[in-house]
Amino acid sequence: MPLRFDMEEWLGTNLDGSKSDTFCYYCLKDGKYTVDVSMHEMIDIWLRYINKYNMYAHTVYSPEELKLILEKRLPTLNRWKQKQDTKNVHNQAIQSIVNYISNHLFEDFDINTLCQKCGMSEYHFRRVFKFIVGENIGNYIQLLRLEYAAHLLTSTEYTLSQIAELSGYQSKYSIAKAFKKHFRVSTSLFKERFTPRKRNAHTLLTSRIIMINKMFVSCLEVGKAYENKFQYKMVWDKLLYYARFNRIDKKHTNFVSLSLDNPAITPEDKCRFYLGIIMNDIPDAKLNTIQIPNGQYAIFRHIGSYDFLCDLYRIIYEEWFPDSQYYPQNTFSFEVYINSPCDTDVPELITDIYIPVVKKKTFTDIK
């Protein structure tokens, strides 16, 4: 609400009893917050009392409009700015480590090296990593390796011994034990359940194989926002605002989504999904940075509603891959949006799906 400096009874008080020039009496008393709520809790409070907000501010906002405004405004206020800045710094640092691990998954990780990369002490790094990622660093690396092994199990014809060697396990017995502990089923049963079955349908699917150079993406993590159309739109709006604010030339930029996991293998709430902008140079540190690795990609074009993209993925994995000369190299994929839904009719929307691939070879060829 507006802070009236001409009405001292409205002003909060500092630790020494003087009047605050920053906070009102609702928020600050004797240098302490009257109620130490988080920014998101404050937004929820105002949404519950939106009629009072509109009365105080002389506005007629809807709940959706007010939520969007507060999520942009409150992080700039002193009360939450420092916490928000710290949170952003931590997220950036841990995201850089997550990307590093993804790109060096089968190397030996030294905890001191990881700490140096993000500028944290070991104790602080372990605590922040677990808070943001939801797993401690050791478990996280093991889970990614097991999910890669599950990918090989369901998308290639390699034996368990070959998969163990490719994914850093000493033997087929050690990987079988770790696999059953994590997935709660044996490797043979997992393969039987989750290997895509080739369908009899003959869908006309056009693709092309190209080599691409590595690219950097400024991106925002979607999390569970995809479950709510309004929240998902807010993520896009934030990305578009970033593009406009930085005067990014749309002619040289593509808007993309990135999926780092296979939802058939990774639990849905653990899947890493991002919306982003492909940059010509290394992106601004204000957003997360993910590197799209160089290599060979199969590209599939989809024309029409985004609602049917999941059907195209099913066709790619169940019909195209079994008949092709390629395996999906890993669980990573990304989509490039050729035109915008803001100024394009739904039947004319164009989306290109990029999936990294490797040519089918014998095991000795790839070692």
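The values are calculated or read from the model by the stated rules, or taken from the named source; none is laboratory data. As the structure is a computational prediction, the values presented were derived from the model and not from experiment. Reconstructed Cβ throughout: ideal geometry from the backbone, glycine too, with neighbour counts over all protein chains shown.
Residue 292 is checked against (1) within 17 Å of residue 256 (Cα to Cα); (2) touching a helix residue (DSSP H, G or I) at 6+ places or on another chain (Cβ under 9 Å) and fails just one. What number does that condition carry?
All conditions pass for residue 292, except number (2).
For residue 139, which of the numbered conditions (1) out of contact with any helix residue (DSSP H, G or I) (no Cβ under 6 Å at 6 or more places or on another chain); (2) surrounded by 16 or more Cβ atoms within 10 Å (Cβ to Cβ) fails to hold?
Failing condition for residue 139: (2).
Kindly check whether there is at least one residue in the stretch 272-283 that is in a strand (DSSP E or B), of a type in the set (Gly, Ala, Ser) and closer than 19 Å to residue 212 by Cβ.
Of the stretch 272-283, the ones in a strand (DSSP E or B) are 273-279.
Narrowing the set further to residues that are of a type in the set (Gly, Ala, Ser) leaves 276.
Now drop any that are not closer than 19 Å to residue 212 by Cβ, which leaves 276.
Yes: the stretch 272-283 contains one or more residues that are in a strand (DSSP E or B), of a type in the set (Gly, Ala, Ser) and closer than 19 Å to residue 212 by Cβ.
Return the only residue of 94, 101 being surrounded by fewer than 19 Cβ atoms within 10 Å (Cβ to Cβ) and either touching a residue at least 12 places away in the same chain (Cβ under 8 Å) or of a type in the set (A, V, I, L, M) (or both). Steps first, answer last, please.
On the way: 94 fails: surrounded by fewer than 19 Cβ atoms within 10 Å (Cβ to Cβ).
It is 101.
Filter the stretch 10-43 down to residues that are closer than 22 Å to residue 72 by Cβ and of a type in the set (A, V, I, L, M) and give me whichever is modelled with the lowest pLDDT.
Ranking the candidates gives 37 first.
Can you tell me which residue within the stretch 131-146, out of those that are assigned to a helix (DSSP H, G or I) and at pLDDT below 90, is farthest from the chain's Cα centre (by Cα)? Full working, then the answer.
Pass one, the stretch 131-146, residues assigned to a helix (DSSP H, G or I): 131-133, 137-146.
Now restrict to residues that are at pLDDT below 90: 131-133.
Details: 131: 16, 132: 12, 133: 11 Å.
Going through the qualifying residues, I end up with 131.
Please go through the stretch 292-312 and pick out each residue that is closer than 17 Å to residue 340 by Cα and of a type outside the set (A, V, I, L, M, F, W, C).
301, 302, 304, 305, 306, 307
Name the residue that is surrounded by the fewest Cβ atoms within 10 Å (Cβ to Cβ), counting only residues in the stretch 272-290 that are among the charged types (D, E, K, R) and at pLDDT below 85.
Filtering the stretch 272-290 for residues among the charged types (D, E, K, R) gives 272, 281, 284, 286.
After this cut, where a residue has to be at pLDDT below 85 as well, the list is 281, 284, 286.
Numbers: 281: 6, 284: 13, 286: 12.
Residue satisfying both the conditions and the ranking: 281.
Sort through 83, 117 and tell me the only one that's basic (Lys, Arg) and at pLDDT 85 or above.
On the way: 83 fails: at pLDDT 85 or above.
Just one listed residue meets the conditions, 117.
Kindly provide the set of residues from the stretch 323-337 that are in contact with a strand residue (DSSP E or B) (Cβ under 7 Å, 6 or more places away or on another chain), surrounded by 15 or more Cβ atoms within 10 Å (Cβ to Cβ) and either assigned to a loop (DSSP other than H, G, I, E, B) or not assigned by TED's automatic domain parsing to the domain that holds residue 312 (or both), ordered by number. Before the answer, list the steps.
First, pick out the residues of the stretch 323-337 that are in contact with a strand residue (DSSP E or B) (Cβ under 7 Å, 6 or more places away or on another chain): 325-330, 332-337.
Of the ones still in play, those that are also surrounded by 15 or more Cβ atoms within 10 Å (Cβ to Cβ) are 326-330, 332-337.
Matches in the stretch 323-337: 329, 330, 332.
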